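Peer 1: Dropping the structure in here first, questions after.
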Amino acid sequence: MGSYLSLTNGITSDEYHEQNNWLINLSAAKEFLSTGQYKSFLEYWDRYHGIAFHLISQPIQFLIKDHVTNLNNVTEFGGLLMSKHFVIFLIFSISGIFFYLIIFKITKKQNISLLSSGIYLLYPYLFGHALFNPKDIPFLSFWLINTFLSIRIIEDLYLKKSIKFSKVIYLSFFTAFLISIRIVGFLIFIQYLVTLVIFLEKSKTPFLKFLKLNFKNISIFIISILLFIILLNPIFWHNPLEIVNSIKWMGKYPQNIGTLTNGTLMYSLSLPSSYYFIWLFFKLPILILLGYCIFPLVESKIFKEDTVTLYYGTVTIISPLIIVIFILKDVALYDELRHLLFIFPLILITSLTNLFYFFKKKIFYYLSTLLIIFFISENIHMNPYQYTWLNSFAKINKIEKNFEVDYWGVSNKNIQNEIINFVNKKKLDKSNCIYGDFYVKEFLEPQNFECFKLYSQLDEAKLRPFIAYKNLRNVKRSDPKDCQLIWDETFSYTFYKKKISAATIWYCD
């Protein structure tokens with residue numbers, strides 16, 4: 001079902017840029033291999049944007065793009081963009097296996113682990129992003145994969161098992177792949193350090209002795225990961241020191257976007273520390289917030305077994321630590337917590353573990369089953385806007401006046417249907433201009449529409465009639481003057497009567 005929903009979703013505002021980055025990097029790689037240099041690439045403003053996930057997605061995209069084009073009746077380019085959604089949802093589904101493996105290592109209960117994994121995979125906020133998010137979901141998925149692989153190696157060391165050469169190579173490659181999706185992946189070395197510190201403390205192993213005993217594997221890991229990172233990032237080919245520039249650039253990504261946060265517009269290049277905690281409070285399910293808060297009541301039970309401590313301690317410590325690092329380094333964020341999406345599975349693991357140790361097994365079964373049923377209901381009611389999901393605390397206030405609504409513009413799929421229906425019903429000329437974003441043109445061009453302009457150009461519009469639609473951040477702009485509202489694109493939450501307006505369409509005669 002998720003695969004089908006992903007292939008029939010809208011085209012988000014990041015997908016054009018992601019595809020363009022891939023093509024520019026691909027061209028630069030070809031140029032470098034033929035001439036040994038790529039001057040134009042070095043002048044590209046977003047040259048540090050990671051493209052590793054494209055290595056997986058692009059072959060699959062080209063295999064299925066014709067089917068997706070026909071399924072959605074879009075342009076060939078639109079079909080290519082939407083084909084990536086399937087690969088994104090596939091990697092998210094695979095990450096669910098590693099979520100299961102981690103929580104099974106902690107609880108040692110299969111049914112508990114299965115229910116917990118169901119909560120993770122059906123959590124509307126993550127499920128919604130998994131339908132199209134080309135950057136944050138792959139990053140989240142590979143972070144989870146690396147978390148399991150790294151702790152498993154340390155667990156083998158604790159149990160005094162020999163470490164296979166292949167395990168070291170796998171970890172180095174997947175770590176490099178993570179970093180090559182998004183450079184902030186370097187933070188996973190801090191997580192590796194946390195796991196190592198827990199191991200050294202529990203095994204009573206001096207650090208120098210650890211280095212001496214594992215010098216060969218550590219050397220192989222460091223050398224191979226550096227080679228993989230350089231190989232997977234064409235921008236590093238001419239100078240590996242570009243890694244430092246990449247970290248600096250992405251830490252202050254030059255887009256000062258304002259995100260409506262509990263009624264206040266907060267800008268990415270000057271975020272208050274409250275930004276993180278406001279969004280965590282409204283984005284995490286209430287049961288998960290409760291589970292996180294009861295940590296002091298259960299930590300003594302959990303930390304009894306050393307191998308459990310390796311897994312639970314790592315995921316529990318790293319989440320708040322990363323938030324502190326982001327606050328101290330004043331990292332630029334926007335669009336809620338999409339750039340911190342990778343810590344959400346870790347928070348879920350901590351909270352669900354706490355709940356398991358706090359409640360009796362039957363109570364956990366009841367609570368988790370109810371939460372899964374609730375999530376299924378929310379996914380049905382909100383589709384395709386699950387990625388904007390907020391918990392019940394947010395429903396006390398008027399959601400669209402206090403939080404972002406459809407900031408990625410997936411409403412364009414439904415918008416184009418309504419525009420086509422309206423034009424055909426009124427028998428209007430399809431040469432009339434459509435004012436909005438450029439993404440809806442992928443749906444309308446096959447229907448012989450010809451003129452597409454940005455909503456920001458509306459003030460210059462002199463020729464009527466035309467159609468204008470507001471979505472993305474345009475939804476916060478004023479309505480077009482002397483125009484008739486012909487469609488209000490809405491969705492709803494379970495147990496919340498008021499409908500949320502994601503977009504509007506206007507006919508201006």
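Peer 1: Name the long-range amide H neighbours of T261: under 5 Å, sequence gap of 5 or more, or other chain; modelled H, no Pro or chain starts.
Peer 2: M266
Peer 1: Here's a follow-up. Looking at the range 256-349, which trypsin sites (Lys or Arg not before Pro) are in a loop (DSSP not H, G, I, E or B) and have at most 13 other Cβ atoms within 10 Å?
Peer 2: Details: sites: K283, K301, K304, K329, R338; in loops: K304, K329.
Listed in order of number, the matching sites are K304, K329.
Peer 1: Here's something else I'd like to know. Residue by residue through the range 132-137, what is 3J(HN,Hα) from phi via Karplus (6.51 cos²θ - 1.76 cosθ + 1.60, θ = phi - 60°)? Round to whole Hz and write x for glycine and proline.
Peer 2: Going residue by residue, I get 6, 5, x, 10, 6, 6 Hz, with x marking Gly and Pro.
Peer 1: Taking the dipole about the Cα centre of the chain, with the C-beta of Lys and Arg at +1 and of Asp and Glu at -1, give me whichever of Y253, F374, T490 is farthest to the positive side.
Peer 2: F374
Peer 1: Run the helix sum for the chain: -39,500 (n - 2.57) per DSSP H stretch of 4+ residues, divided by residue count, reported at 222 nm to the nearest 500 deg cm²/dmol.
Peer 2: Values: 22 runs with 304 residues, N = 509.
Rounded to the nearest 500, it is -19000 deg cm²/dmol.
Peer 1: Hand me the trypsin sites (Lys or Arg not before Pro) from the range 356-394 located in a DSSP loop with no more than 14 other Cβ atoms within 10 Å, in residue order please.
Peer 2: Passing both the DSSP loop test and the Cβ count: K360.
Peer 1: Which aspartates and glutamates have a Cα lying under 17 Å from the Cα of K441, excluding residues fewer than 8 positions away in the same chain?
Peer 2: D14, E15, E76, E418, D429, E450
Peer 1: Here is a follow-up. DSSP loop trypsin sites (Lys or Arg not before Pro) in the range 66-134 with at most 15 other Cβ atoms within 10 Å of their Cβ, which ones?
Peer 2: Working: sites: K84, K105, K108, K109; in loops: K108, K109.
When the trypsin sites (Lys or Arg not before Pro) of the range 66-134 are filtered for loop state and at most 15 Cβ neighbours within 10 Å, K108, K109 remain.
Peer 1: Between F281 and Y267, what is the spin-label point distance in nm, taking each point 7 Å from the Cα along the Cα→C-beta axis?
Peer 2: For F281 paired with Y267, the spin-label model returns 2.4 nm.
Peer 1: Further question on the same structure: Based solely on C-alpha atoms, express the radius of gyration and the Dmax of the range 97-249 in angstrom.
Peer 2: Rg, Dmax (Cα atoms, Å): 17.2, 51.
Peer 1: Measuring from the lowest to the highest alpha carbon on each principal axis, how far does the range 1-154 reach, largest first, in angstroms?
Peer 2: So the extents along the principal axes, rounded to whole Å, are 56, 43, 24.
Peer 1: Then there's this: Only Cα pairs under 8 Å and at least 6 apart count here; give the relative contact order of the range 2-358 as a rounded whole percent.
Peer 2: Details: 423 pairs, mean separation 69.8, N = 357.
About 20 percent, as a whole number.
Peer 1: Rounded to the nearest 0.05, what FRET efficiency do D156 and Q457 give with R0 = 45 Å and r taken as the Cβ-Cβ distance? Could you check? It would help to have the intermediate numbers written out before the result.
Peer 2: Details: r = 61 Å, r/R0 = 1.35.
For D156 and Q457, the calculated efficiency is 0.15.
Peer 1: Which residues make up the longest stretch of the chain that has no GluC sites (Glu not before Pro) in a DSSP loop with at most 16 other Cβ atoms within 10 Å? Please list the in-between numbers first.
Peer 2: Values: sites that count: E43, E305, E450.
Counting at most 16 other Cβ atoms within 10 Å as exposed, the longest clean stretch of the chain is 44-304.
Peer 1: On a 0 to 90 degree scale, rounded to 10, what angle separates helix 361-382 from the longest Cα axis of the chain?
Peer 2: Once rounded, one gets 20 degrees.
Peer 1: Please compute, for the alpha-carbon atoms of the range 201-328, the extent along each of the three principal axes and give them in descending order in Å.
Peer 2: Sorted from largest, the Cα extents of the range 201-328 read 55, 51, 21 Å.
Peer 1: Taking only Cα atoms, what is the 0 to 90° angle, nearest 10, from helix 110-122's long axis to the longest principal axis of the chain?
Peer 2: 30 degrees
Peer 1: To continue, here is another question. The range 336-369 to the range 5-56: how many Å between their Cα centroids?
Peer 2: About 36 Å separates the Cα centre of the range 336-369 from the one of the range 5-56.
Peer 1: Further, regarding this structure: Ranking Y312, Y120 by Cβ neighbours within 10 Å, fewest first, what do you get?
Peer 2: Details: Y312 26, Y120 23.
Neighbour counts put them in this order, fewest first: Y120, Y312.
Peer 1: Quote the charge dipole size of the chain about the Cα centre in Debye, to the nearest 20; the model charges only the Cβ of Lys and Arg (+1) and of Asp and Glu (-1).
Peer 2: Working: 50 positive and 36 negative charges, 351 e Å.
The calculated dipole for the chain is roughly 1680 debye.
Peer 1: Using a basic spin-label model with each label point 7 Å from the Cα along Cα→Cβ, how many nm lie between D509 and L241?
Peer 2: For the pair D509/L241, the computed spacing is 6.8 nm.
Peer 1: Only Cα pairs under 8 Å and at least 6 apart count here; give the relative contact order of the range 52-112 as a rounded whole percent. Walk me through the numbers before you get to the answer.
Peer 2: Numbers: 37 pairs, mean separation 16.9, N = 61.
Over the range 52-112, the number comes to 28 percent.
Peer 1: Mind checking the angle between helix 165-181 and the chain's longest principal axis? C-alpha axes, 0 to 90 degrees, to the nearest 10.
Peer 2: Taking Cα atoms only, the helix is inclined about 30 degrees.
Peer 1: Do the alpha carbons of any pairs in K283/K398; K108/K212; K84/K453; K304/K361 sit beyond 23 Å of each other, and which pairs?
Peer 2: On the way: K283/K398 16 Å; K108/K212 33 Å; K84/K453 26 Å; K304/K361 19 Å.
Too far apart for the 23 Å limit: K108/K212; K84/K453.
Peer 1: Would you mind checking the pairs K430/K481; K426/K462; K164/K301; K329/K401; K39/K135; K105/K202 and listing those with alpha carbons more than 23 angstrom apart?
Peer 2: Numbers: K430/K481 21 Å; K426/K462 21 Å; K164/K301 32 Å; K329/K401 30 Å; K39/K135 26 Å; K105/K202 17 Å.
From K430/K481; K426/K462; K164/K301; K329/K401; K39/K135; K105/K202, over 23 Å: K164/K301; K329/K401; K39/K135.
Peer 1: Report, by chain and number, residues whose modeled amide H sits under 5 Å from the one on C451, excluding near sequence neighbours (fewer than 5 apart, same chain).
Peer 2: Distant-sequence amide H within range of C451: I434.
Peer 1: With Kirkwood's inverse mean 1/r over C-alpha pairs for Rh, give me the Rg to Rh ratio of the range 302-435, two decimals please.
Peer 2: Values: Rg = 21.8 Å, Rh = 19.3 Å.
Result for the range 302-435 is an Rg/Rh of 1.13.
Peer 1: A further question follows. Averaged across orientations, what area in nm² does the convex hull of the alpha carbons in the chain project? Kindly include the intermediate steps, with their values, before the conclusion.
Peer 2: Details: hull surface 102.5 nm².
Mean projected area of the Cα convex hull: 25.6 nm².
Peer 1: Going Cα to Cα from K476, which aspartates and glutamates come in below 13 Å? Please leave out same-chain ones fewer than 8 positions away.
Peer 2: E400, E404, D406
Peer 1: Among bridges DSSP assigns within the chain, what percent are antiparallel (round to 5)? Intermediate results must be reported in sequence, preceding the final value.
Peer 2: Values: 17 of 23 bridges.
Given both bridge residues lie in the chain, the antiparallel proportion sits at roughly 75 percent.
Rule-based calculations on the coordinates, nothing more; no lab input. Please read all numbers here as calculations on a predicted model, not as lab measurements. Positions of Cβ are backbone-derived with ideal geometry, glycine not excepted, and every protein chain shown enters the neighbour counts.
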